[in-house]
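Q: Questions regarding the structure given below will be posed in turn.
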Amino acid sequence: MGAGHAHALYRHGHSPVHRLPAHCKIVALLAFVLAVVSTPREAVWAFGGYALLLVAVAAFARVPAGFWLRRMLIEVPFVAFAVLLPFVAEGPRVQWLGLTVSEPGLWSAWNILAKGTLGVAASLLLAATTELRELLHGLQRLRLPPLLVQIASFMVRYLDVVTGELRRMRVAQASRGYQARGPRQWGTLAKTAGALFIRSYERGERVHLAMLSRGYTGTLPALDAGRAQPAQWATAAALPLAALAVCLMGWTL
């Protein structure tokens, strides 16, 4: 239970960003996102400035562009929603790229796309430079309620267990010639989901009994996250302070 848990989003490295305490990086991320969402959507140039700041941090952390950009594909559903807004929103219509679209919808789509992309990119940088165990340390250091820290800890540790269970079920189905090709197989998929839920629940019960037999009393041992030095706080504050400057210029220029 106490062992480290690597994740596909994390990239091992020894850069100054990797060495920063997790709670410093979490606070810096939240401050950066607040600056981004506070920027008026009409200040288009400001979002380009935020993107340049993130690129600078990625270069400083030595996170390859390919590693970073591939994981941003998680944003595709939100991009699809933003693309539809100009066509379904109400308000004055304008011509854009040969199409008649709603002007308020166009601005709303830009607002969601720009701010959402920057938030996802910043979060992926945090995940790429911070191990999941360290993130839990940081949340505990920031006085997040212990119950939430425990829930996040269990989710991190057992998400791969449930995924592995689903993988074994799919292999068993494939070995019996099953292929999901259309709506006729939806019933089988529903039964698979139900079986996975039952197996996960039973696995959770066995894990809970094992924890009780090892002295678990409802709380996990306190994690020692250590104190951050003033220089580390100053380094972490560089990104949100630069973002704050861009935000203020976005409101004044």
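The values are calculated or read from the model by the stated rules, or taken from the named source; none is laboratory data. Note that this is a predicted model, so its numbers are computed, not measured. When we count neighbours, we look across all protein chains shown, and the Cβ atoms used for this are built from the backbone with ideal geometry, even at glycine.
Q: Give me the residue from segment 55-111 that is touching a residue at least 12 places away in the same chain (Cβ under 8 Å) and of a type in the set (Phe, Trp, Tyr) and, out of that set, farthest from residue 17 (Cα to Cα).
A: Ranking the qualifying residues of segment 55-111, first place goes to 87.
Q: While we're here: Those residues that are touching a Phe, Trp or Tyr at 6+ places or on another chain (Cβ under 7 Å) and not hydrophobic (A, V, I, L, M, F, W, C), I need them from segment 106-129; list them, please.
A: The answer is 116, and nothing else.
Q: While we're here: Just to be sure before I move on: is residue 94 over 19 Å from the mean Cα position of the chain (by Cα) and either of a type in the set (S, T, N, Q) or more than 30 Å from residue 67 (Cβ to Cβ) (or both) in the structure I sent?
A: The answer is yes for residue 94.
Q: Would you call residue 195 under 30 Å from residue 147 (Cβ atoms), surrounded by 12 or more Cβ atoms within 10 Å (Cβ to Cβ) and free of Cβ contacts under 8 Å to residues at least 40 places away in the same chain?
A: So residue 195 passes the test.
Q: If you don't mind, there's one more thing I want to ask. Being over 30 Å from residue 139 (Cα atoms) and either out of contact with any helix residue (DSSP H, G or I) (no Cβ under 9 Å at 6 or more places or on another chain) or buried (at least 17 other Cβ atoms within 10 Å of the Cβ) (or both): is that true of residue 98 here?
A: So residue 98 passes the test.
Q: Still on this structure: Among the residues of segment 143-188, what is the count of those that are more than 28 Å from the chain's Cα centre (by Cα), aliphatic (A, V, I, L, M) and either at pLDDT 80 or above or under 25 Å from residue 131 (Cα atoms) (or both)?
A: Within segment 143-188, residues that are more than 28 Å from the chain's Cα centre (by Cα), aliphatic (A, V, I, L, M) and either at pLDDT 80 or above or under 25 Å from residue 131 (Cα atoms) (or both) number 3.
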